[in-house]
1. Out of all the residues in segment 106-120, which are modelled with pLDDT of 95 or more and either touching a strand residue (DSSP E or B) at 6+ places or on another chain (Cβ under 7 Å) or hydrophobic (A, V, I, L, M, F, W, C) (or both)?
2. Given the conditions (1) closer than 30 Å to Lys125 by Cβ; (2) modelled with pLDDT of 95 or more; (3) part of a loop (DSSP other than H, G, I, E, B); (4) open to solvent by 50 Å² or more (accessible area, probe 1.4 Å), and given that Ala16 satisfies all but one, which numbered condition is not satisfied?
3. Can you tell me which residues in segment 112-129 are open to solvent by less than 100 Å² (accessible area, probe 1.4 Å) and in a loop (DSSP other than H, G, I, E, B)?
4. Six or more apart or on different chains, Cβ under 6 Å: which pairs go from a residue in segment 95-119 that's within 27 Å of Pro69 (Cα to Cα) to one that's among the small types (Gly, Ala, Ser)? Could you list them?
5. Sort through Ala75, Ala79, Ala49 and tell me the only one that's crowded, with 18+ Cβ neighbours inside 10 Å and free of Cβ contacts under 8 Å to residues at least 12 places away in the same chain.
Amino acid sequence: MDDKATLLHYLRTRRADLLGKVEGLSEYDARRPMTPTGTNLLGLVKHVASVELGYFGETFGRPNGRDLPWYADTAEPDADMWVPANESLQDIIDLHHFSAKRSDETIESLPLDAPGVVPWWSEDKKNVTLHQVLVHMCVETARHAGHADIIRELIDGSAGQGPNDPNISGRNSEEWAAHRFSIEQAALEADGLS
């Protein structure tokens, strides 16, 4: 596999990881805020799909033709990080698929050293290559997929990439509770509180 194919493989894998976190959830659970700042699963999917359209579209002079009202000058701050009632779970999944398809078309059609301009970056950093943007989006997507892992666990206890994920030990709920208790005890002991 060449460098571009390797990066695209990792980006596609992280996209699938992120999208998988909304699988099987209700409209409510997919969008409910789980942190004090409102972090929610569907908002993470919406955000990543949206920024990917910008990075692989506008940056390389390849407009996507899709209206993203949450980026309008009149939109409220962080409008790309949550999903109002008039946007469905399926709407955001469709956006994610559209974004991935358009981004892959850009990636597959340009060489890694293709120049681009990220207009929302500072003057000294905005001139980029496809390689830089691919690495940036792999990191961005992985970061938010990690957020999604934690949010999904808070919603229904699901952890990892499904029930047979080899990276998650096969503890049952009682064993997880005992494990968590041990970690809590170690934290208290380290702080001199136990």
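The values are calculated or read from the model by the stated rules, or taken from the named source; none is laboratory data. These figures come from a predicted structure and were not determined experimentally. For neighbour counting, all protein chains shown are included, and Cβ atoms are generated from backbone atoms with ideal geometry for every residue, glycine included. Areas reflect the complete protein model, heavy atoms only, side chains present, ligands, DNA and RNA absent. Shrake-Rupley method; radii C 1.70, N 1.55, O 1.52, S 1.80 Å.
1. Scanning segment 106-120 gives Ile107, Leu110, Leu112, Asp113, Ala114, Pro115, Gly116, Val117, Val118.
2. (3)
3. Leu112, Ala114, Val118, Pro119, Trp121, Ser122, Lys126
4. Leu95/Ala49; His96/Ala49; Ser99/Ala49
5. None of the others qualify; the one that does is Ala79.
For (1) over 24 Å from Ser26 (Cβ atoms); (2) open to solvent by 30 Å² or more (accessible area, probe 1.4 Å); (3) not in a helix (DSSP H, G or I), each residue gets a yes or a no:
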site: Gln90; (1), (2), (3): no, yes, no
site: Ile93; (1), (2), (3): no, yes, no
site: Ile107; (1), (2), (3): yes, no, no
site: Ala145; (1), (2), (3): no, no, no
site: Ala159; (1), (2), (3): no, yes, yes
site: Pro166; (1), (2), (3): yes, yes, yes
site: Arg171; (1), (2), (3): yes, yes, yes
site: Ile183; (1), (2), (3): yes, yes, no
site: Ala187; (1), (2), (3): yes, yes, no
